[in-house]
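Since every read-out is calculated from the coordinates, none of them should be taken as a lab result. Keep in mind the model is a prediction, meaning the values are calculated, not measured. In this analysis, Cβ positions are derived from the backbone assuming ideal geometry, glycine residues included, and neighbour counts consider all displayed protein chains.
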Amino acid sequence: MTDYKKAAKEGSEREARKELLERLDTVGSDRMTTEEHLALCYYFSAHNYKPLENVFKKSSGIWVWDKDGNKYMDCLSAYSACNAGHRNWRITIPVALHILFGTDTLSRAFVHAEEGPFSAELARFCGKDRSLVKNAGVESVETAIKGARRWGYANKDIKEEKGEVAEIIVARNNFHGRTIAALSASTEAAYKRGFGPFVPGFVPVPFGDSEALYNAITKNTVAVMIEPIQGEAGVIIPSDGYLQDVRDICDDKKILMIADEIQVGLGRTGKRFACDWENVVPDIYIIGKALGGNLIPVSAIVANDDIMDYFDPGSDGSTFGLNPLACVAGRAYLRTFEKLHLAERSAELGEYFMAELRKIKSPYVTEVRGRGLLIGVELNTKARPFCEALMKEGLLCKETHDMVIRFAPPLVITKKEIDWAIQRIKKVLEAVNIFDI
């Protein structure tokens, strides 16, 4: 097989592509090697991710296996999409039964039998009146922005017809997704390069600085949108009282508080929602990831009637949003969350995991921080080589913001399995030269 990296360097990509397609047609994907699979991805997929170089074929619980049968512990959980573990039977069985015997997508032109029950159970789970269900998390970010703006134009003295813009205050270093509106809210230049012009109306302030937030409010401000914990920024946790300050400021200024709980909600941080750490209830929850049970993309905004009533027929839509299969998966996750006490498990095991990580004596580690089973280990050097070394040891994790290793295993992990992971993390972090591992 042609070395695909060498072929790319030498400019012989066309021949390498032809050879790969011939192999795919003659031997089939199951019999192709790991190197060939990586080459297929390299030549036929856009390079919008930089994954660790391996090819995984099956998964169960907290474990995944590569094409060669090697076993790994998943400590990323698909960025919290896999809170209930891989192929959790409480979710896969209802989904499989629905595929076999239920209805497929009817679109929102009709009502299906799973729509009402899921909408009701999701609203009750969040303590709100209604939900508006979409697919990928960023769709719900967009929906929250739309809802906040429509609410703002109706309730604040902002003249949309005169070109005045409803403003939303956001936190610096946020990650709300990669659509144009979400990028417009971002302060990360690398995410935005070459994608402008951007949507006006987003006002960034430092995360955790309630005074800066207060001072940024104008007559055109309609909402504050924040992640209660910034996951992609490196597991950044605000000081105690910040979320309550945000809630108080929003109440005082009569603007909306939007909590992006896509990565940190649904049990990940040891509470139902990360806002629960300060007993704060936002006006709009944005949730996703785990809601689909790691099987189906499901996201939603959940809010009360005084916000949701501003959505009327034609104002918003999504062909696959609230599709029957998504509703079945979502209901199954909510039941699994309660049945397995996932938030409580996350709180207990996250405390244990962090305590064991802090015992490691490493010249590279500057801080261990986290809530529940969302843990960041900040280094004084690039984290990528450590993630590659951990993969060789059978542990899958990913760097974030260059110098932070994020550990976020499925919430069904056990203390014994954490001990297994700690042995390997200790070996890598205490190594004199990780490239020798």
Checklist entry - What length, rounded to one decimal in nm, is gained on full extension from residue 14 through to residue 435, with 0.36 nm per residue of separation minus their alpha-carbon distance? => result 148.2 nm
Next on the checklist: Once you keep just the Cα pairs under 8 angstrom separated by 6 or more residues, what percentage relative contact order results for region 286-330?
Outcome noted: 46 percent
Checklist entry - Tally Lys and Arg at +1 and Asp and Glu at -1 over the other residues with C-beta under 12 Å from the C-beta of residue 191: what net charge comes out? => result +1
Next on the checklist: Compute a Gaussian network model of the chain, connecting alpha carbons closer than 10 Å, and tell me which residue from 245, 260, 306 fluctuates the most.
Outcome noted: 306
Next on the checklist: Can you give the local net charge around residue 157? Use residues other than it whose beta-carbon is closer than 14 angstrom to its beta-carbon, Lys and Arg +1, Asp and Glu -1.
Outcome noted: +2
Checklist entry - Counting alpha carbon pairs within less than 8 Å and at least 6 residues apart, what relative contact order, in whole percent, applies to the chain? => result 20 percent
Checklist entry - In what order do 66, 25 fall by count of nearby beta-carbon atoms within 10 Å, going from fewest to most? => result 25, 66
Next on the checklist: Just to confirm my numbers, what's the Cα centroid distance between region 375-418 and region 77-118 in Å?
Outcome noted: 30 Å
Next on the checklist: Under 5 Å between amide hydrogens, which residues at least 5 positions from residue 398 or on another chain qualify, with H placed 1.01 Å from N in the peptide plane?
Outcome noted: 406
Checklist entry - Could you give the nm distance between label points at residue 65 and residue 392, where each point is 7 Å from its Cα heading toward the beta carbon? => result 2.5 nm
Checklist outcome for this item: The helix 415-429 Cα axis meets the longest alpha-carbon principal axis of the chain at an angle in degrees, between 0 and 90 and rounded to 10, of 70 degrees
Checklist entry - So what's the angle, to the nearest 10 degrees on a 0 to 90 scale, between helix 137-155 and the longest Cα principal axis of the chain? => result 10 degrees
Checklist entry - Taking the chain as a Gaussian network, Cα atoms linked when under 10 Å apart, which of 278, 393, 19 shows the biggest mean-square fluctuation? => result 19
Item to check | Within-13-Å neighbourhood charge of residue 177 [Cβ basis; K, R +1; D, E -1] | outcome: -2
Checklist outcome for this item: Length-normalised contact order of region 380-437, Cα under 8 Å, at least 6 apart, in percent, tallies to 38 percent
Item to check | Förster-model FRET efficiency, 22 Å R0, residue 240 and residue 214, C-beta, rounded to 0.05 | outcome: 0.80
Checklist entry - Which value in deg cm²/dmol, rounded to the nearest 500, describes the helix-derived mean residue ellipticity at 222 nm for the chain, given -39,500 (n - 2.57) per DSSP H run of n ≥ 4 and division by the residue count? => result -11500 deg cm²/dmol
